[in-house]
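Notes follow the structure.
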Amino acid sequence: MTVLFKVDAERMRDGTQPWTFVASGAPFRGDLLVRTDAVSLEACLDVCLPRLRELGLVIPD
């Protein structure tokens with residue numbers, strides 16, 4: 001699995017959601033990916049970790 005965290009300086013300056021989280025690759029099949037844009041790293045994790053668990057990933061609390 002590949003996981004990317006990104007902070008976009010332009011979106012941060014504009015006051016929008018500068019953080020991006022993307023997870024893709026094995027064990028996902030096909031072109032499935034989990035992605036969100038949010039106001040903080042924590043907000044990204046609040047959205048994406050439950051989704052990854054729903055898809056069968058075992059992620060410790």
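Quick one: is residue 53 out of contact with any strand residue (DSSP E or B) (no Cβ under 8 Å at 6 or more places or on another chain), at pLDDT below 90 and among the basic types (Lys, Arg)?
No.
Just need a number here: residues in segment 8-30 that are surrounded by fewer than 14 Cβ atoms within 10 Å (Cβ to Cβ) and touching a Ser or Thr at 6+ places or on another chain (Cβ under 8 Å).
Looking only at that region, the number is 1.
Just the residues that are open to solvent by 40 Å² or more (accessible area, probe 1.4 Å), within 22 Å of residue 61 (Cβ to Cβ) and among the aliphatic types (A, V, I, L, M), please, taken from segment 31-42.
Within segment 31-42, just 41 meets the criteria.
Does segment 33-45 contain at least one residue that is within 19 Å of residue 1 (Cα to Cα), part of a strand (DSSP E or B) and without any contact (Cβ under 8 Å) to a residue 12 or more places away in the chain?
Yes, segment 33-45 has at least one match.
Could you go through segment 43-52 and let me know if any residue there is surrounded by 12 or more Cβ atoms within 10 Å (Cβ to Cβ) and over 12 Å from the mean Cα position of the chain (by Cα).
no
When residues of segment 1-33 are filtered for being under 13 Å from the mean Cα position of the chain (by Cα), polar (S, T, N, Q) and closer than 16 Å to residue 43 by Cβ, how many remain?
2
The values are calculated or read from the model by the stated rules, or taken from the named source; none is laboratory data. Model, not experiment: these values are computed from the prediction. Counting neighbours? That spans all protein chains shown, and the Cβs are built from the backbone with ideal geometry, glycine included. Just the protein is used for accessible areas: all its heavy atoms, side chains included, with ligands, DNA and RNA removed. Shrake-Rupley method; radii C 1.70, N 1.55, O 1.52, S 1.80 Å.
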